[in-house]
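Scroll down for the structure; my scribbles are underneath it.
The values are calculated or read from the model by the stated rules, or taken from the named source; none is laboratory data. Model, not experiment: these values are computed from the prediction. In this analysis, Cβ positions are derived from the backbone assuming ideal geometry, glycine residues included, and neighbour counts consider all displayed protein chains.
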Amino acid sequence: TLCDIGFIGLGVMGKNLTLNLADNGYKIACFDLDKEKIEGIVKQDELERGDKPPRVIPCQSYTELLNHLKAPHLIILSVPAGAPVDHVCQLLIDAGIKPDDIVIDTGNSLWTDSVEREQLYKGKFIFFSTAVSGGEVGARFGPSLMPSGDPYAWTRIEPVLKAISAKVDPKTGKPLESFEPGKPIKEGDPCATYIGPVGAGHYVKMVHNGIEYADMQLICEVYQIMRDSLHMSPKEIAATFKEWNQGKLNSYLIEISAEVLEQNDAKTGKPLVDLILDQAGQKGTGLWTAVSALQVGSPAQTITQAVFARSISSLKDERIEASKILKGPACIPVPEEEKQAAITRLHDALYCSKICAYAQGFQLMALASKEQGWSLDFAEIAKIWRAGCIIRAVFLQSITNAYENNDSLANLLLDPFFAEQIATFQQNWRQAIADATMSGIPCAAMSSALNYYDSYRTETLPANLLQGQRDFFGAHTYERTDEARGKKFHTEWSQPGRPEIKIKK
Ligand code: 6PG
């Protein structure tokens, strides 16, 4: 019998997505340039399916792959973002792909590339972009999926993506999880929803990753304060994070941070975290989010700061030198009896900063949505992030509630629940940042979040002086508070101490 889906690219994500599709009853024709990867998935399928017929058909070429598929063809790509996507698309054209065939790109592609690709391949096949979050376990047992593109194609893709996606218990908003091959979760709300025109899904995933960067950096800053100021061991911090994971900070990232901190090195028996070089890598999606925030003019300083934190971490050799030269304050000791209160302050600081990072991400998506005419549905986006993805957290349910209560909410901070939360915990947030600052411990993302909050709630910012400066040196004009908005004024500023310029006419 013919296969339901063609799958190209059997790396970590591709292999796991294929097995997930197979678990959900789809028969897959597979291709990868690397023969070992094809053999690998065939073996894995043998192992998992028992005495049932093969669910995965290995193919040696694109032509063979197309021949194995039911028409119109549905093909999923999981190849590295960038040129490889176009390379594969071209090979599919050469192999005879048809105009009503669908190709879904699931890589971490730049959203503008997806927009261009839809145009580029028009008439040859339908290019559809679907962003995937959840890493390898997510791909295998239920990722969060952000599909976007041709609405007709979506009607064909919808059942497939909903089947393989993560599921949420509609009553509790918590993930319904099964990590057993062959036993996918069938009930619950699927973490896959149509995001909008092509590229919108990848844009939303890009912002997801920007938030992911911020979330991770905020946890790391708390960890550093706990180590350097409270002198807690990695195990003690792990225990604290586990406790936090039971409350409002419950999230996948807190959970895995505790696990990382608990891990001992096999070679030395020391906490592994102490042996990992403090130099962060990045593949680009956080940077793209920061660039997009700058381009659309949406304040996303905590996300951007998290990207910069990775940049400064990578200057390891310079930091070693600077640590010998540049002076800072001595760390203020925290007496044992005050330690618990300091930990609570860090908890609240992390919570408030996290709210701000998400507020920035959603504000950015709102501006981009307006600019691109996407009509993004933020309640739905928060819903599909409740399970499967890297930033999954109970917290996302509150964001869903906020947008369900008011779909034109200008900023999450203005939602009554979040406004009240920050009002309640902000004193601890401020104190935690003040303490770290007085001890000379960096907490760039956390302070940027507080500054975002304080800037956003300040009626009059010093941009009046800034406009004065601009008008002074460049006659850039300004608007007046006592005149209609939009009306421009310019002043012939006096320039004391400046020599008179004699212009010959
Ligand atoms: C996800 C992750 C995933 C990937 C990141 C890592 O949602 O599943 O975000 O897409 O792990 O791209 O990004 P960096 O290498 O830039 O940290």
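Figures for the structure shown
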quantity	calculated
Scan of segment 373-400 for residues that are surrounded by fewer than 24 Cβ atoms within 10 Å (Cβ to Cβ), away from the ligand (no atom under 16 Å from the Cβ), part of a helix (DSSP H, G or I) and among the hydrophobic types (A, V, I, L, M, F, W, C), ordered by number	F378, A379, F395
Criterion (in the same structural domain as K339 (by TED's automatic domain parsing), more than 22 Å from the chain's Cα centre (by Cα) and closer than 30 Å to L17 by Cβ) met by exactly one of Q263, Q246, Q224	Q263
Sole residue being in a helix (DSSP H, G or I), over 23 Å from the mean Cα position of the chain (by Cα) and aliphatic (A, V, I, L, M), chosen from L92, L161	L92
Hits in segment 230-242 - residues which are surrounded by 14 or more Cβ atoms within 10 Å (Cβ to Cβ) and over 17 Å from N264 (Cβ atoms)	L230, T240
Residue list for segment 128-138, restricted to those being more than 20 Å from I211 (Cβ to Cβ) and within 10 Å of the ligand (Cβ to nearest atom)	E136
Selection count where residues are over 16 Å from the mean Cα position of the chain (by Cα) and closer than 30 Å to F362 by Cα, scope segment 310-330	4
Residue identified as more than 25 Å from S311 (Cβ to Cβ) and in a loop (DSSP other than H, G, I, E, B) among G269, G281	G269
Pairs with Cβ under 8 Å, 6+ apart, first in segment 197-212 and more than 14 Å from A366 (Cα to Cα), second among the basic types (K, R) and more than 11 Å from the ligand (Cβ to nearest atom)	V198/R117
Qualifying residues in segment 124-141 (those that are in a strand (DSSP E or B) and among the β-branched types (V, I, T)) - the one farthest from I5 (Cα to Cα)	V132
Number of positions in segment 334-372 that are touching a residue at least 60 places away in the same chain (Cβ under 8 Å) and either among the basic types (K, R) or assigned to a loop (DSSP other than H, G, I, E, B) (or both)	4
Residue check, A163 on the phi < 0 side of the Ramachandran plot, surrounded by fewer than 21 Cβ atoms within 10 Å (Cβ to Cβ), touching a Leu at 6+ places or on another chain (Cβ under 9 Å) and in contact (Cβ under 8 Å) with a residue 24 or more places away in the chain	yes
Segment 106-123 residues that are over 26 Å from L287 (Cα atoms) and in a loop (DSSP other than H, G, I, E, B), paired with ones that are within 14 Å of the ligand (Cβ to nearest atom) and at pLDDT 95 or above (beta carbon under 6 Å, 6 or more apart)	none
Any hit, segment 41-51, residues being assigned to a helix (DSSP H, G or I), under 22 Å from P147 (Cβ atoms), not basic (K, R) and not assigned by TED's automatic domain parsing to the domain that holds M206	no
Inter-residue pairs, beta-carbon under 6 Å, first assigned by TED's automatic domain parsing to the domain that holds P72 and in segment 1-27, second buried (at least 21 other Cβ atoms within 10 Å of the Cβ) and acidic (D, E), 6+ apart	L10/D32
Condition check for P184: away from the ligand (no atom under 16 Å from the Cβ), surrounded by 15 or more Cβ atoms within 10 Å (Cβ to Cβ) and more than 30 Å from D317 (Cβ to Cβ)	yes
Number of the exception - K124 against (1) within 16 Å of the ligand (Cβ to nearest atom); (2) touching a Leu at 6+ places or on another chain (Cβ under 9 Å)	(1)
Subset of segment 479-501 (residues that are loosely packed, with under 10 Cβ neighbours inside 10 Å and modelled with pLDDT under 95)	E492, S494, P496, G497, R498, P499, E500, I501
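Quick grid of which residues meet (1) assigned by TED's automatic domain parsing to the domain that holds I157; (2) within 16 Å of the ligand (Cβ to nearest atom); (3) in contact with a Lys or Arg (Cβ under 8 Å, 6 or more places away or on another chain); (4) under 22 Å from W288 (Cα atoms):
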{"site": "A83", "(1), (2), (3), (4)": "yes, no, no, yes"}
{"site": "K98", "(1), (2), (3), (4)": "yes, no, no, no"}
{"site": "T106", "(1), (2), (3), (4)": "yes, yes, no, yes"}
{"site": "L110", "(1), (2), (3), (4)": "yes, yes, no, yes"}
{"site": "D113", "(1), (2), (3), (4)": "yes, yes, no, yes"}
{"site": "E118", "(1), (2), (3), (4)": "yes, no, no, yes"}
